[in-house]
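The values are calculated or read from the model by the stated rules, or taken from the named source; none is laboratory data. For clarity, every value in this text was computed on a predicted model and none was experimentally measured. Cβ coordinates were reconstructed from backbone atoms using ideal geometry, including for glycine residues, and neighbour counts include every protein chain displayed. Protein only, heavy atoms only, side chains kept; ligands, DNA and RNA dropped before computing areas. Shrake-Rupley method; radii C 1.70, N 1.55, O 1.52, S 1.80 Å.
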Amino acid sequence: MEMYGCQIDENRLPAHVAIIMDGNGRWAKQRKRPRIFGHYTAMKAVRGTIRTASDMGIRVLTLYAFSTENWKRSQEEVSGLMNLAIDYFIKEVTNLDDHDVQVRVIGDQSILPERLQKAAANMVEQTKGNTGMVLNIALNYGGREDILQAVRQIVAEGIVPEAITEQVFADHLYTAGLPDPDLVIRTSGEERLSNFLLWQNAYAEFIFDPVLWPDFDETLFCKLIAAYQQRDRRYGGVK
């Protein structure tokens, strides 16, 4: 199929695409605006990416919205990000529900503001019966914390060491029941994982693109999917 000027092979779509949305602050700085302005402007890229992924037929899209390390930022920026997330969950729930998108929120939500927890829970509840694309919003998420909380669950359940397989472990991660990412995209030119889906990304393909996230659009997304489809994935074997 052709989308936004790119030829996409429907038979070679990544089942799960994960995106590290990076560069909002630098985008705003280039325009001599506060960092939070970049975050708000970036919502257009978020909406466009979700719509395109869903229309394309991608089964799972995970967006890295706020990491466990992001609490180190200024109080002003953190508060702005929390308010932005609340605004998004409230305003977008009907639209996502209408497009059959099932929303999940992964990460430790217990320390998030109560209003944000409620807004997120409402979106998850309202869309849980949808059968289209799964949208994972990684909110106060850290890959190491994900692994630790899985270990704690396994210990609490009394599972004996001999019974702990890779599948058992995966079933205790925040992404339980979902396929591992096939493709990880990071914008802004940075080339690191930043504590994102450390276990799940064992065999993911990576694309690091220099575009800052607010400038990420549907055309670029389709080009990156087309680039992924040219990769030869061997999973440690030989072809």
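For the condition part of a helix (DSSP H, G or I), closer than 18 Å to Phe221 by Cβ and open to solvent by 10 Å² or more (accessible area, probe 1.4 Å), what is the one hit in Asp97, Asp55? Lay out the reasoning, then the answer.
On the way: Asp97 fails: closer than 18 Å to Phe221 by Cβ.
Of Asp97, Asp55, the one residue that is part of a helix (DSSP H, G or I), closer than 18 Å to Phe221 by Cβ and open to solvent by 10 Å² or more (accessible area, probe 1.4 Å) is Asp55.
One line per residue, one yes/no per condition, for (1) open to solvent by 10 Å² or more (accessible area, probe 1.4 Å); (2) out of contact with any helix residue (DSSP H, G or I) (no Cβ under 6 Å at 6 or more places or on another chain); (3) free of Cβ contacts under 8 Å to residues at least 40 places away in the same chain:
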{"position": "Trp27", "(1), (2), (3)": "yes, no, no"}
{"position": "Ala42", "(1), (2), (3)": "no, no, no"}
{"position": "Arg47", "(1), (2), (3)": "yes, yes, no"}
{"position": "Leu63", "(1), (2), (3)": "no, yes, no"}
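So Asp146 fits all but one of (1) in contact with a Leu (Cβ under 8 Å, 6 or more places away or on another chain); (2) part of a loop (DSSP other than H, G, I, E, B); what number is the exception?
Evaluating Asp146 over (1) in contact with a Leu (Cβ under 8 Å, 6 or more places away or on another chain); (2) part of a loop (DSSP other than H, G, I, E, B) leaves (2) as the failure.
So which residues in the stretch 163-199 are within 14 Å of Arg144 (Cα to Cα) and free of Cβ contacts under 8 Å to residues at least 60 places away in the same chain? Steps first, answer last, please.
The first filter runs over the stretch 163-199 and keeps only residues within 14 Å of Arg144 (Cα to Cα), leaving 169-170, 172-175, 193-199.
Passing the criteria: Phe169, Ala170, His172, Leu173, Leu198, Trp199.
Can you name the residue in the stretch 151-162 that is in a helix (DSSP H, G or I) and either of a type in the set (Val, Ile, Thr) or touching a residue at least 40 places away in the same chain (Cβ under 8 Å) (or both) and is also surrounded by the fewest Cβ atoms within 10 Å (Cβ to Cβ) among such residues? Full working, then the answer.
Step one: of the stretch 151-162, the residues in a helix (DSSP H, G or I) are 151-156, 161-162.
If we keep only those that are either of a type in the set (Val, Ile, Thr) or touching a residue at least 40 places away in the same chain (Cβ under 8 Å) (or both) as well, we get 151, 154-155.
Working: Val151: 13, Ile154: 18, Val155: 9.
Step by step, filter the stretch 151-162, then rank; the result is Val155.
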